[in-house]
Amino acid sequence: MRRREFITLLGGAAAAWPLSARAQQAAMPVVGFLRDVSLPLPDRMTAFHQGMKETGYIEGQNVTIEHRSVEGQTDRLPLLVADLLRRQVALIVGNSPAALAAKAATTTVPIVFASGGDPVKLGLVASLNRPGGNVTGVSFILLELGAKHLGLLRELRLGAARIAVLVDPKSPTTEPFVSQLRAAAWSLGSKSKSTTSAATANSRPP
């Protein structure tokens, strides 16, 4: 499934949650859109709004969307989550770090995530079949594809003995991602060297 379809699904998942159950808290329900990095590219935001629209929610007409980002300062996530909770949001939408911060702060406000890793291993949900609690979402399972990416790279660059990996050291997906790459590299008979960077990777999920 293409990324745009995933984002549309995310919008639909967020909108399908019973906003009406919390509508009495405000004249218009509020959705908190939270990320630890910059907000997604315009086309992804368009897909998100389209997913909301398909289930009957249009920003400015019958729902308000509060966009928040800590621009890489992950330690500020709890502050923004607290701010959204004070706004009495109907639900919170976020990537993995944002969803984890929201989960730590509330057990009642619904949380919808989009993750590049295994949501069970990340601690977002109890299981894929029965997430439980107040958290649900979609996963791109990018971590598990790391070995395949490495294999393709080896085919493209025959004889490559050293491969550098740029990651975000603050992301909860970094350690398992690098570990899997190292294991895959050794299984392919090559040595790997990972290089960390605080720079945000452009390929991160929404």
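Which pairs do you get when a residue that is closer than 17 Å to ARG87 by Cα, found in segment 103-122, comes within reach of a residue that is part of a loop (DSSP other than H, G, I, E, B) and among the polar types (S, T, N, Q), reach meaning Cβ atoms under 9 angstrom, with the pair 6+ apart or on two chains?
LYS103/ASN134; THR106/ASN134; THR107/ASN134; THR108/ASN134; VAL109/GLN88; VAL109/ASN134; PRO110/ASN134; ILE111/ASN134
Could you list, in sequence order, the residues of segment 20-50 that are of a type outside the set (Lys, Arg), surrounded by 13 or more Cβ atoms within 10 Å (Cβ to Cβ) and at pLDDT below 55?
Answer for segment 20-50, where residues must be of a type outside the set (Lys, Arg), surrounded by 13 or more Cβ atoms within 10 Å (Cβ to Cβ) and at pLDDT below 55: ALA23, ALA26.
Here are some conditions: (1) outside any loop (DSSP other than H, G, I, E, B); (2) small (Gly, Ala, Ser); (3) out of contact with any strand residue (DSSP E or B) (no Cβ under 9 Å at 6 or more places or on another chain); (4) touching a residue at least 60 places away in the same chain (Cβ under 8 Å). GLY72 meets all but one. Which one does it not meet?
(1)
Can you tell me which of ALA114, ALA104, ALA126 is surrounded by 14 or more Cβ atoms within 10 Å (Cβ to Cβ) and not charged (D, E, K, R)?
Exactly one residue qualifies, and that residue is ALA114.
Pick from segment 147-186 the residues that are among the small types (Gly, Ala, Ser) and in a loop (DSSP other than H, G, I, E, B): which of them is surrounded by the most Cβ atoms within 10 Å (Cβ to Cβ)?
Within segment 147-186, the subset among the small types (Gly, Ala, Ser) is 147, 151, 159-161, 164, 171, 179, 183-185.
Okay, now just the ones that are also in a loop (DSSP other than H, G, I, E, B), so 159-161, 164, 171.
Values: GLY159: 6, ALA160: 12, ALA161: 9, ALA164: 10, SER171: 21.
Here the residue is SER171.
For segment 105-128, state whether one or more residues are within 16 Å of the chain's Cα centre (by Cα) and part of a helix (DSSP H, G or I).
no
Condition first: small (Gly, Ala, Ser) and outside any helix (DSSP H, G or I). Now tell me which residues in segment 29-69 satisfy that.
Across segment 29-69, the qualifying residues are GLY32, SER38, GLY56, GLY60, SER69.
Among VAL89, VAL81, VAL93, which is among the β-branched types (Val, Ile, Thr), in contact with a Phe, Trp or Tyr (Cβ under 7 Å, 6 or more places away or on another chain) and in contact (Cβ under 8 Å) with a residue 40 or more places away in the chain?
Being among the β-branched types (Val, Ile, Thr), in contact with a Phe, Trp or Tyr (Cβ under 7 Å, 6 or more places away or on another chain) and in contact (Cβ under 8 Å) with a residue 40 or more places away in the chain holds for just one of VAL89, VAL81, VAL93, which is VAL93.
The values are calculated or read from the model by the stated rules, or taken from the named source; none is laboratory data. Predicted model only: the values in this text are computed from it and were never measured. Ideal geometry is used to build each Cβ from the backbone, glycine not excepted, and the neighbour counts take in all protein chains shown.
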